[in-house]
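Novice: Below you'll find the structure I mean.
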Amino acid sequence: MKFVFDLDGTICFKGQPVSDALLKVLEELVEQGHEVVFASARPIRDLLPVLHERVHHYPMIGGNGSMVAAGRERISTVGFDSEVLPVLLQLLTTYHVSYLIDGEWDYAYTGPADHPILLHLDPHKLARNVALQELESIVKILMLTSDHMAELEERLRQLDVVVHVHGGEAVLDISPKGIHKWSGLQQLGVKEGEYIAFGNDANDISMFRHALHAVMIGEHPLLAPYASEQLPLDEQIECAIAERLAALGRLYAVASV
């Protein structure tokens, strides 16, 4: 069985790396014959610092599906097409947007010096912060601040792109058309009903919809209808996750024999 994990707010918290205790549980799943996949809104560059090097060869989906890697090698990267990208860039100017824009590895950042996103941005200095025009391909756009954020969101939803809203930070997260975590899983050869998903946010909906079993961490009203079960986000969350993984690992190891 494949186990697919979102990172922030699901198995790592407050910008800290995945704990060694949870990593050992994931490694035990692999030892039992299961496969572990990480699927995050972070670009793969920013997944690596919150995961110990010993699991860097596990399959990874970054940028909500715009980047896919396995065995430390990139499988695919999907950028915005030549029709929609100029419109998006014009919106940056029209609505005085500050942003974090990801290329295939480097990025362009114009946001506030104290924005919470900086807690997660390239902490190991693996990439360069470059001018927007230096990015050869743009795979993900985070619109951080704007004079008219509500109007900007309305304009974005009229375009052929995928838009997620990070409510806690009032950030607009834009990915290319047809790009989401489920599309990333398909790039890895994962089929519907062949995996168990763990997530906590609206950008996990696509992978929850196609999972055999989906576990929601905490509470999110948009994700909840697609969850098979919920684990409360409290001080015992890591223990609760470990217990559920042990049980699900046993259940589906038996079921797959």
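The values are calculated or read from the model by the stated rules, or taken from the named source; none is laboratory data. Here the structure is a predicted model, which means the values were calculated and not measured. Please note: Cβ atoms are built from the backbone with ideal geometry, for glycine as well, and neighbour counts cover all protein chains shown. Protein only, heavy atoms only, side chains kept; ligands, DNA and RNA dropped before computing areas. Shrake-Rupley method; radii C 1.70, N 1.55, O 1.52, S 1.80 Å.
Novice: So L91 clears everything in (1) more than 18 Å from G63 (Cβ to Cβ); (2) open to solvent by 40 Å² or more (accessible area, probe 1.4 Å) except one condition, right? Which one?
Specialist: That leaves (2) as the condition not met.
Listed here are the residues, each with its yes/no results for (1) under 12 Å from the mean Cα position of the chain (by Cα); (2) assigned to a loop (DSSP other than H, G, I, E, B); (3) farther than 30 Å from D160 by Cβ.
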site	(1), (2), (3)
G15	no, yes, yes
A21	no, no, yes
E27	no, no, yes
D46	yes, no, no
L85	no, no, no
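Novice: Kindly evaluate F208 against the criterion of being aromatic (F, W, Y), in a strand (DSSP E or B) and surrounded by 23 or more Cβ atoms within 10 Å (Cβ to Cβ).
Specialist: no
Novice: Hey, among the residues in segment 230-248 that are open to solvent by 20 Å² or more (accessible area, probe 1.4 Å) and in contact with a helix residue (DSSP H, G or I) (Cβ under 8 Å, 6 or more places away or on another chain), which one's nearest to E35 (Cα to Cα)?
Specialist: Once the filter is applied, the top-ranked residue is A246.
Novice: Can you tell me how many residues in segment 105-125 are in a loop (DSSP other than H, G, I, E, B), open to solvent by 80 Å² or more (accessible area, probe 1.4 Å) and modelled with pLDDT under 90?
Specialist: 1
Novice: Taking the condition over 19 Å from V139 (Cβ atoms), open to solvent by less than 10 Å² (accessible area, probe 1.4 Å) and of a type outside the set (A, V, I, L, M), does G193 pass?
Specialist: The answer is no for G193.
Novice: Scan segment 95-126 for residues that are in contact with a Ser or Thr (Cβ under 7 Å, 6 or more places away or on another chain) and β-branched (V, I, T) and report the count.
Specialist: 2
Novice: Regarding F13, is this residue of a type in the set (F, W, Y), under 24 Å from Q230 (Cα atoms) and surrounded by fewer than 20 Cβ atoms within 10 Å (Cβ to Cβ)?
Specialist: Yes: the conditions hold for F13.
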